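The values are calculated or read from the model by the stated rules, or taken from the named source; none is laboratory data. Small disclaimer: the values here were computed from a predicted structure and weren't measured. Note that we place each Cβ from the backbone using ideal geometry, even for glycine, and neighbour counts take in every protein chain shown.
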């Protein structure tokens, strides 16, 4: 990338929403603006894991402010992601539809492992190069991410279902700080850590870094109080715990100007942090400035500079499941040719349709590694269920649906799981992939016939050279059957 361009990252966290805007100058990111809105989204989840209307309105007001700042940025320059609360909420899809309209940009929900990868990327960018291996801990509002890595590469990532908001609500109801609540909160956190602690300790690290508001708040209190001059330590945590217990209520606990908002969730965050120190045997932890938002910016810059981690993920999948590369390439070539012919008529212009059609073509036979019978379903399951670095949940679902839909009965209703603005795009890409697979069924190296392809509305028309279909009766029969499959999905396939 030459010159300068603006990029923006929006983090819809469980406790607060944050936005960072940066200028991309050559290969560097220069932060130019930051915004933060306390929304307490995790606190808006009811017993049935549904976001309350009040909580949604609070979040939408914050996103409207962000949207004003992002109004002039193109879609490819903005990444907005939701984390643990939006992963859990049963009505997150409905909320995200409203949120997209207010923000003016598409919002993705990332898995816990992807959130951990992005956090590690953001923290690493804020540290000096050659810092050796490191443990990164991020205590969010609804989840805690733990990562061990070296350089830019995370080696072990875990996302645990505990956060400063959820733990504070569960063990310190109404802001009451009691010794028994503190003890139970730390014990519960250690139980969450127990399945992973051995793997982390075996891998080891040279430095421990915390990237969350909890760690930064604790680090600031310990330094200002003179309880620790070298970051967060076990002794410093003991002193802070004692001071907090003596206050008895979060509203009375405001050491050295700690905001009321942070004070409300610090007891839960402190319990989790203390458990991390004990379970992972941490001796000292420093606070980092980088976090998820900076990781999003770095990842976005990589995409723009054609260093997209998602492409590497697709390649690893192909190698691991031994996909027939030659056949995948033939299908991809045909699918992209079909796309080029109908892109304008079917509103499939831009990088997104081309990229996902290409990736789906490369992976369409993934399920053969399981069994030939129903292999399209096996492949879709593998794509949907695997840990795919770089992909959001919606992107992973889109890719899985394309793989699922490339043969046999068209799974029309399944596409309704996607964000509304992507349903028609996905259905049309599936049609193109199906035709590309069909035309390459013979796995022949011979070039495809010169097709005249047109489309409009719910209709696609294929015109073959004179006499070609007569000399290829199997393809003609396949196309007849395909027309019936597509008709059930209200798509007309015309062939001549």
Worksheet item: Just to be sure, is residue 140 modelled with pLDDT under 95, crowded, with 16+ Cβ neighbours inside 10 Å and within 25 Å of residue 88 (Cβ to Cβ)?
Response: yes
Discussion item. Please count how many residues of segment 229-240 are touching a residue at least 24 places away in the same chain (Cβ under 8 Å) and under 16 Å from residue 268 (Cα atoms).
Written reply: 2
Worksheet, complete the sentence: Only one of 330, 318, 303 is within 23 Å of residue 404 (Cβ to Cβ) and within 28 Å of the chain's Cα centre (by Cα), namely 318
Worksheet item: residue 451: assigned by TED's automatic domain parsing to the domain that holds residue 428, surrounded by 11 or more Cβ atoms within 10 Å (Cβ to Cβ) and touching a helix residue (DSSP H, G or I) at 6+ places or on another chain (Cβ under 9 Å), yes or no?
Response: no
Fill in: Residue that is under 21 Å from residue 362 (Cβ atoms) and not in a loop (DSSP other than H, G, I, E, B), where the choices are 484, 455, 494, 436
436
Worksheet entry | Failed item in (1) in the same structural domain as residue 207 (by TED's automatic domain parsing); (2) within 16 Å of residue 15 (Cβ to Cβ); (3) not in a loop (DSSP other than H, G, I, E, B), with residue 142 passing the rest | (3)
Practice prompt. For residues that are part of a helix (DSSP H, G or I) and surrounded by fewer than 17 Cβ atoms within 10 Å (Cβ to Cβ), tally how many sit in segment 74-101.
Written response: 7
Item to complete: Look at residue 11 and say whether it is in a strand (DSSP E or B) and crowded, with 24+ Cβ neighbours inside 10 Å.
Response: yes
Worksheet item: Within segment 423-433, is even one residue farther than 24 Å from residue 354 by Cα, free of Cβ contacts under 8 Å to residues at least 12 places away in the same chain and assigned to a helix (DSSP H, G or I)?
Response: no
Worksheet item: Out of (1) closer than 26 Å to residue 394 by Cα; (2) surrounded by fewer than 17 Cβ atoms within 10 Å (Cβ to Cβ), what's the single condition that is false for residue 477?
Response: (1)
Practice prompt. Looking for whichever is modelled with pLDDT of 95 or more and either touching a strand residue (DSSP E or B) at 6+ places or on another chain (Cβ under 8 Å) or closer than 30 Å to residue 296 by Cα (or both) here; the options are 496, 477, 482. Which one fits?
Written response: 482
Worksheet entry | residue 243 over 20 Å from residue 178 (Cα atoms), free of Cβ contacts under 8 Å to residues at least 60 places away in the same chain and more than 35 Å from the chain's Cα centre (by Cα) | no
Response to the item:
When (1) farther than 24 Å from residue 43 by Cβ; (2) surrounded by fewer than 17 Cβ atoms within 10 Å (Cβ to Cβ) are applied to residue 104, the one that fails is (2)
Discussion item. As an exercise: evaluate residue 2 against (1) under 22 Å from the mean Cα position of the chain (by Cα); (2) modelled with pLDDT under 95 and give the number of the one condition it does not meet.
Written reply: (1)
Fill in: Every residue from segment 33-49 that is assigned to a loop (DSSP other than H, G, I, E, B) and out of contact with any strand residue (DSSP E or B) (no Cβ under 6 Å at 6 or more places or on another chain)
40, 41, 46, 47, 48, 49
Worksheet item: Of the residues 160, 187, which single one is more than 21 Å from residue 87 (Cα to Cα) and surrounded by fewer than 22 Cβ atoms within 10 Å (Cβ to Cβ)?
Response: 187
Item to complete: Pick out, from segment 201-297, the helices (runs of 4 or more DSSP H) lying fully within it that include 2 or more residues that are in contact with a strand residue (DSSP E or B) (Cβ under 6 Å, 6 or more places away or on another chain) and modelled with pLDDT under 95.
Response: 213-225
Practice prompt. Might you let me know whether segment 50-73 holds any residue that is assigned to a strand (DSSP E or B) and under 26 Å from residue 149 (Cβ atoms)?
Written response: no
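Residues checked against (1) touching a helix residue (DSSP H, G or I) at 6+ places or on another chain (Cβ under 6 Å); (2) under 21 Å from residue 392 (Cα atoms); (3) modelled with pLDDT under 95:
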residue	(1), (2), (3)
28	no, no, yes
55	yes, no, no
59	no, yes, no
63	yes, yes, no
86	yes, yes, no
89	no, yes, no
104	yes, yes, no
114	no, yes, no
